[in-house]
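A short reminder: the numbers here are calculations on the coordinates, not readings from a lab. These numbers were taken from a predicted model, which means no experiment stands behind them. Reconstructed Cβ throughout: ideal geometry from the backbone, glycine too, with neighbour counts over all protein chains shown.
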Amino acid sequence: MSTVTFRDETPTGREIARFSLPDLPTTATARELIRWRVREEVAKHNLKPGQPYGGLVQPPRTEVELKRRLLDWERQAAIAERAFTRNGFFLMVGDRQIEELDELVDLTGDPEISFVRLVALVGG
């Protein structure tokens, strides 16, 4: 099992956020990494749903306006996957850019996975 650290960065490399997830398998696809990350963010948000959501992608405006509504992690993950395929953010493992959702990523050695945000991702 691996512990993966997820980092959000600006295109200039400035770190915006960081958190780790333990007990992940030693390999995963980019799609799985995105989904695990979004599931964790949404779970944390749903503990305090009245707070602003600061996840990888922002929910559509109608969901934001319903402050008490809990977010659906699977819907947010689908938005994030679409954003990835449209170059809304880059996924980096070390010095290597992950380019496809189904690309396998080696998670041995407890890697850092960087999500380089290019634009504000509202609705993917």
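Return the percentage of antiparallel bridges among DSSP beta bridges fully within the chain, rounded to the nearest 5 %.
The antiparallel fraction comes to roughly 75 percent.
Mean-square fluctuation check for the chain, GNM, Cα pairs under 10 Å: which of D102, D110, D23 is largest?
Sorting by GNM fluctuation, first place goes to D23.
If you keep only loop residues by DSSP, which trypsin sites (Lys or Arg not before Pro) in the stretch 1-30 have at most 16 other Cβ atoms within 10 Å of their Cβ? Show your work: numbers first, answer last.
On the way: sites: R7, R14, R18; in loops: R14.
Passing both the DSSP loop test and the Cβ count: R14.
Hey, what angle do you get for helix 73-85 against the long axis of the chain, alpha-carbon based, 0 to 90 degrees rounded to 10?
Compared with the principal axis, the helix lies near 60 degrees.
Over the chain, what number does the Rg to Rh ratio reach, with both radii from the alpha-carbon atoms and Rh per Kirkwood?
Reported Rg/Rh (Cα atoms, Kirkwood Rh): 0.95.
Let me see the pair-distance distribution of the stretch 1-59: every alpha carbon pair, 5 Å bin width, integer percents in order.
Calculated over all Cα pairs of the stretch 1-59, the distribution is 4, 15, 25, 24, 19, 10, 2, 0 percent.
With axes computed from alpha carbons, what is the tilt in degrees of helix 30-47 against the longest principal axis of the chain, rounded to the nearest 10 within 0 to 90?
Compared with the principal axis, the helix lies near 40 degrees.
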